[in-house]
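Values quoted throughout were computed directly from the atomic coordinates according to the rules given, and no laboratory measurement underlies them. The structure displayed is predicted, hence computed values, not measured ones. Every residue, glycine among them, receives a Cβ derived from its backbone with ideal geometry; neighbour counts consider all protein chains shown.
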Ligand code: HEM
């Protein structure tokens, strides 16, 4: 195996794994902040219980997200040193700013949130959680600024074979950044909403659930958040597609599996399979007009196919293969958009069938099952979304400027890469298994566990280490 | 060399100092979980002393890494690709210890011990390999004309670098003990001090070995005689201060002195390297210099503005957090089981 292939494998493995937990914690963090706010406003204990219960699950995902995040920053230097040298003048700045502006805030205020339950007023306490949510969104903004430069370089010049920054504000004004940011944050919101909905649904399916009202209320909040998020994610995704047609036509054509130029109006392919080596579509089902609408918002206009784009790119950038992995992109896109649509429908119908007048949903097991199984869909949609974005940039790391092959660390051996891949794989497996078992355990314990424990603790006169009275 | 290049060279040193000063005691506390405590309550007690802050302390490393990437991309690229397996160990250590905090809190009682161990071992691995990395770096590494480093086992692991690694572990452990003494009540507080008293004796031997090896294995005395000597002496003086303070039970002084030892160590490394950032053992022609491995003036300027604007804010709320959690964590006696 080549070092490039191993390096790419590692990047895919570590970022995908990391990105299971990123939208998970941003999204559930937001829901927890909402729940705690409701507590502060209504003073009802059930919201406090919700905050603590879902907060614990949020903390688990946050912990795994943090530790897997450090790998990312190191990875550029370790595996992609040539890339780091080429683009460091631009790419490093948002990373450093992310740490300074977002990570410090996130970790410090999360520490405050976890340990000051009994020390500060509820209002101040909920403020900590909102600051954490704000900080995680800020961190997304900065890291996406770096990613957007790779997708669509702006504000640079090339000097002595390196990209040099000429305008920091251009980095932030990059339209790609704002599409990605909107889409990613909205996706995180759906993720949070759906996870809480889905896990609540699983709990309601249990025969002996002791506190169904708790989960019904949680589910309601989850559904509202998911509805809001899925409308936003679809809107942002639609805008992103229209930008892609112009900025990265190859990626766009590949997600549509379009080798030959489309007719006018362009029809959209529902499902298809490509022969990637032969650069041909093997079969497909098409729906007339729709692709024109998706690309240009009107029922006319043709879309360029990959064959034509490839020729153009060869002319512009030199002779190499510009075809990305078509089937992967095509199907990834359909999984993402398909699940997006599904989540929108599910949250709409879910809200409809849980309205006060007719709570059909709680009585229909199969409905609860659908909601429960939806827990997994945002993870798949997030992963496939990134596959589209990143694989679709092939063969570039920085679009039009630097290729994947040029980017790898020349001094890193196959053996080193095999070792690091193995180490990460084992760590991830162990941590993932523990994480899942702990979420299940938390669900089994249920929301009333802490209360019971608190009483027991009081009886045992055990001291909360940060309780006010504990300090002298 | 421009003023901005120098500023960022210093700022990188400051960020690493901050990291070792703060995360140093987290590592020490982590190691102490399995080596200093007598029961589960004590483990929980000392973990609680760092609970609210360890994650923030780790951000110093992430910021240092990001700042290195942004202000010295060539240094970052050479260092990180060259120290591949060492950094992998550091990452593995950071990962297992990072999740241990959350997992040990949530797992069933019988599995808690496992995550106590991962916490301790992870906390030991990280400072050890940082020591190995920084010390072998100042010994000089095989860096070629393109700035690529292709080192062999002996370049990474040799007498001096291992002494450096052990010294780093010992310093972190002592710093952690001093922190525990400062932040707890009960038997653990006294035990931490007793351990520290004993270990300071060993640290002296380590410091002498360190200074001697530095003389033979690096060009620091040749290049920067005065600063090298002063900083080495400063490290010894700080150790004496900490040692005396621990005898006199002046807990704050002890803690500040052991933290300052890290700062002196980082200062020693950075001044000794100056004006280089990586030393090539193949030829001094291939050394990476401050002047040829930094970012463009524009990027450095942007970064400087950002740092000037936001660093005070960050320091303010971090300081406030330490103030909020200023009190000692109480000792919880082991209860008779029902
Ligand atoms: C019909 C709905 C959707 C459409 C039309 C859509 C569209 C897109 C497009 C065009 C991209 C590639 C952007 C680029 O390469 O510049 C993308 C990426 C992505 N999508 Fe979606 N998407 C939809 C739903 C979702 C859902 C439901 C999720 C997750 C819950 C999601 C998560 C992502 C992520 C994480 C990325 C990568 C980051 C980015 O480029 O923004 N998407 N999406």
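When every alpha-carbon pair in chain A is counted, what percent end up more than 39 Å apart?
Values: 31582 of 111156 pairs.
Value for chain A: 28 percent of Cα pairs lie more than 39 Å apart.
For residue A:166 and residue A:422, compute 0.36 nm times the residue count separating them, minus their Cα-Cα distance, and round to one decimal in nm. Walk me through the numbers on the way to the answer.
Numbers: separation 256, 0.36 × 256 = 92.16 nm, distance 4.02 nm.
The span from residue A:166 to residue A:422 would gain 88.1 nm if fully extended.
If each residue's Cβ is checked for other Cβ atoms within 10 Å, how do B:180, A:309 rank with the fewest at the top?
Details: B:180 30, A:309 22.
Ascending number of Cβ neighbours within 10 Å: A:309, B:180.
Taking beta carbons within 10 Å but only from partner chains, what does the mean come to for residues B:323-332? Intermediate results must be reported in sequence, preceding the final value.
Working: counts 0, 7, 8, 1, 7, 4, 5, 9, 2, 7.
Counting other chains' Cβ atoms within 10 Å and averaging over B:323-332 gives 5.
Tell me, what is the percent relative contact order of the range A:249-324, built from C-alpha pairs under 8 Å that lie six or more residues apart? Walk me through the numbers on the way to the answer.
Details: 136 pairs, mean separation 28.1, N = 76.
Contact order relative to length: 37 percent.
With contacts defined as alpha carbon pairs under 8 Å and 6 or more residues apart, what's the relative contact order of chain B in percent?
On the way: 468 pairs, mean separation 90.7, N = 338.
Contact order relative to length: 27 percent.
Nearest 5 is fine: what % of DSSP beta bridges in chain A come out antiparallel, could you say?
Working: 13 of 13 bridges.
Of the beta bridges lying entirely in chain A, close to 100 percent run antiparallel.
For the range B:3-324, take the alpha-carbon Rg, divide it by the Kirkwood Rh, and send me Rg/Rh. Walk me through the numbers before you get to the answer.
Values: Rg = 19.7 Å, Rh = 20.3 Å.
The Rg/Rh ratio comes out at 0.97.
If one puts a single equal scatterer on every Cα of the range A:249-324 and applies the Debye formula without solvent, what log₁₀ I(q)/I(0) results at q = 0.12, 0.27 Å⁻¹?
-0.32, -1.25
In whole Å, how far is the Cα centre of the range A:343-421 from that of the range A:26-76?
When both Cα centres are located, 20 Å separates them.
Determine the distance separating the Cα centre of the range A:205-220 from the Cα centre of the range B:186-257; give it in Å without decimals.
That distance is 58 Å.
Rank by packing, highest mean first: peptides B:110-121, B:303-314, B:265-276, with packing defined as the count of other Cβ atoms within 10 Å averaged across residues.
Details: B:110-121: 17.5, B:303-314: 15.2, B:265-276: 20.4.
Descending packing order for the listed peptides: B:265-276, B:110-121, B:303-314.
Quick one: helix A:81-97 against the long Cα principal axis of chain A, what's the angle to the nearest 10°, folded into 0 to 90?
Helix A:81-97 sits at roughly 40 degrees to that axis.
What average number of partner chain Cβ atoms lie no more than 10 Å from the Cβ of the residues making up B:309-318? Write down the numbers at each step before the final one.
Numbers: counts 2, 5, 2, 0, 4, 7, 1, 0, 6, 5.
The shielding value for this peptide is 3.
Answer rounded, prolate or oblate for the range B:263-338, using the Cα gyration tensor with square roots of eigenvalues a ≥ b ≥ c: rounded when a/c is under 1.5, else prolate when a/b is larger than b/c, else oblate.
oblate
Given axes a ≥ b ≥ c from the Cα gyration tensor, I'd like to know whether the protein assembly as shown is rounded (a/c under 1.5), prolate (a/b larger than b/c) or oblate.
Note, shape of the protein assembly as shown comes out oblate.
Using the per-residue mean of other Cβ atoms lying within 10 Å as a proxy for protection, in what order, highest first, do the peptides A:49-61, B:34-46 fall? Walk me through the numbers before you get to the answer.
Values: A:49-61: 23.0, B:34-46: 18.5.
The packing order, highest mean first, is A:49-61, B:34-46.
Among B:247, A:219, A:165, rank each residue by its count of other Cβ atoms within 10 Å, from fewest to most, as a rough exposure measure. Intermediate results must be reported in sequence, preceding the final value.
Working: B:247 13, A:219 27, A:165 24.
The fewest-first ordering by Cβ neighbours comes to B:247, A:165, A:219.
Over the whole of A:398-409, what's the average partner chain Cβ count within 10 Å per residue? Rounded to a whole number, please.
Values: counts 0, 0, 0, 0, 0, 0, 0, 0, 0, 0, 1, 8.
Averaged over the peptide's residues, the number is 1.
To test your reading of the geometry: what angle, between 0 and 90 degrees and rounded to tens, separates the Cα axis of helix A:212-247 from the longest principal axis of chain A?
Helix A:212-247 and the main axis of chain A meet at about 20 degrees.
Between residue B:194 and residue B:150, how high is the FRET efficiency from 1/(1 + (r/R0)^6) when r is the Cβ-Cβ distance and R₀ = 60 Å? Nearest 0.05.
0.80
Would you mind ranking A:387, A:360 by Cβ crowding within 10 Å, fewest neighbours first? Mind dumping the intermediate values first?
Details: A:387 20, A:360 13.
Ordered by Cβ neighbours within 10 Å, fewest first: A:360, A:387.
Calculated from DSSP H runs of 4 or more alone, at -39500 (n - 2.57) each and per residue, what is the 222 nm mean residue ellipticity of the protein assembly as shown, nearest 500? Walk me through the intermediate numbers first.
On the way: 32 runs with 604 residues, N = 810.
Calculated from helices alone, the mean residue ellipticity at 222 nm is -25500 deg cm²/dmol.
Averaging sequence separations of C-alpha pairs under 8 Å and six or more residues apart, then dividing by the length of chain A, give the relative contact order as a whole percent.
Numbers: 669 pairs, mean separation 93.8, N = 472.
20 percent.
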